[in-house]
């Protein structure tokens, strides 16, 4: 739990880190998330963002790409490469509106990508959706074993031949979606909608890239994920 999160009568006060060098954006987002009584901390550069993430453990990061020092994509990649922060929810806020930029942000491990100028209520909805998905009280807690693969959904732990495999949050959601529909072919559109929720700005190449990384990380269990040419993917032993 984050340093500033509180639990009282079932209510958790989430801490959100805003990383943006535009004071007007920071003020706007602070006012917006204050509607939900979230605690907000902010900074304006990549290096301090990483330091705050590691020292204060926020529940979610709203991350601009064009910030001084390390840019947002570099920060995102750094967080995904650290086992202590690899599951930290990250939503990119960016003035880059091209599809290739959206796709790149998601490939670097962001959970969502929102372009500026943004609709305030839409941003709040996306923040709440990500928080609910990651920290929701109805989280799955069972364990599933298929061949050499074992997944503990409660712990977000994946093992292959009893060796722990480190997955990002997106990779874990992708694997979970395939396992929930074992033996069924799921289209790329289905995976876009269920893994990234909105699916906005996600290309087929993004799905293919994540599938390939997931297969590589799963080692001997990677072969369980089959490509159905022209359609999508399925998990089958």
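The values are calculated or read from the model by the stated rules, or taken from the named source; none is laboratory data. This one's a predicted model, so the numbers in the text were calculated from it and none came from an experiment. Ideal geometry is used to build each Cβ from the backbone, glycine not excepted, and the neighbour counts take in all protein chains shown.
Exactly one residue out of 116, 83 is surrounded by fewer than 19 Cβ atoms within 10 Å (Cβ to Cβ), more than 17 Å from residue 196 (Cβ to Cβ) and in contact with a strand residue (DSSP E or B) (Cβ under 8 Å, 6 or more places away or on another chain): that is 116. Against the numbered list (1) surrounded by fewer than 21 Cβ atoms within 10 Å (Cβ to Cβ); (2) in contact with a strand residue (DSSP E or B) (Cβ under 9 Å, 6 or more places away or on another chain); (3) farther than 17 Å from residue 112 by Cβ, residue 177 comes up short only at (3).
The number of residues in region 106-131 being out of contact with any helix residue (DSSP H, G or I) (no Cβ under 7 Å at 6 or more places or on another chain) and under 27 Å from residue 164 (Cα atoms) comes to 2. Against the definition (farther than 17 Å from residue 105 by Cβ and at pLDDT below 95), how does residue 70 come out, yes or no? No: the conditions fail for residue 70. In region 75-87, how many are in contact (Cβ under 8 Å) with a residue 40 or more places away in the chain and either under 17 Å from residue 213 (Cα atoms) or assigned to a loop (DSSP other than H, G, I, E, B) (or both)? Adding up the residues that qualify gives 4.
Restricted to region 11-32, and to residues there that are within 21 Å of the chain's Cα centre (by Cα) and modelled with pLDDT under 85, the residue that is farthest from residue 58 (Cα to Cα) is 12.
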